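Report on one structure; see the data block that follows.
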Amino acid sequence: MEINTVILIVLLLLVLVLTIRVLSLQSQLNELKRDVERIENGTGMTPRSNVNYSSLASTLSSAPDTQTELSRLDHELLELIQQGQKIKAIKKLREARDLSLKDAKDYVDALDRT
């Protein structure tokens, strides 16, 4: 009977470990689904994206009229930067594009250099 108890305990531990692993994988899957939805919706940028913002900022500032929304946002960000309100510009960009703090700061810095 003692061997059966040990086997039962080992099986329960194995079930617990596997359950935790499944939950972890489910969380990763949900994050990937959100990323795919962002890409499909046309934002193309995820909070953890590695984008070269210096080239992106120069491209967006000379963007055609089809992206007036982006140009308008860039113009508003440039106005805030010129007024010395870089932190407000970063906050506005984070809210508009759902970027991480680092990505938003890099983008605003790139706009400031243009």
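The values are calculated or read from the model by the stated rules, or taken from the named source; none is laboratory data. None of the values given here were measured: they were computed from a predicted structure. A quick note on method: Cβ atoms are made from the backbone with ideal geometry, for glycine too, and the neighbour counts reach across all protein chains shown. For accessibility, only protein heavy atoms count, side chains too; no ligands or nucleic acids. Shrake-Rupley method; radii C 1.70, N 1.55, O 1.52, S 1.80 Å.
The sole residue among I90, I81 that is open to solvent by less than 80 Å² (accessible area, probe 1.4 Å), more than 22 Å from the chain's Cα centre (by Cα) and among the β-branched types (V, I, T) is I81. Of all the criteria given as (1) modelled with pLDDT of 90 or more; (2) surrounded by 11 or more Cβ atoms within 10 Å (Cβ to Cβ), the one not satisfied by I39 is (1).
What's the total number of residues in region 1-35 that are within 23 Å of D98 (Cα to Cα) and of a type in the set (V, I, T)? Qualifying residue count for the region: 0.
Which residues, counting only those in region 92-112, are touching a residue at least 12 places away in the same chain (Cβ under 8 Å) and under 13 Å from D74 (Cα atoms)?
Of everything in region 92-112, those that are touching a residue at least 12 places away in the same chain (Cβ under 8 Å) and under 13 Å from D74 (Cα atoms) turn out to be K92, L93, A96, R97, A104, Y107, V108, D109, A110, L111, D112.
For region 98-114, a tally of residues being surrounded by fewer than 18 Cβ atoms within 10 Å (Cβ to Cβ) and in a helix (DSSP H, G or I) returns 5. Please determine whether any residue of region 44-66 is open to solvent by 100 Å² or more (accessible area, probe 1.4 Å), at pLDDT 55 or above and charged (D, E, K, R). No, region 44-66 contains no residue that is open to solvent by 100 Å² or more (accessible area, probe 1.4 Å), at pLDDT 55 or above and charged (D, E, K, R).
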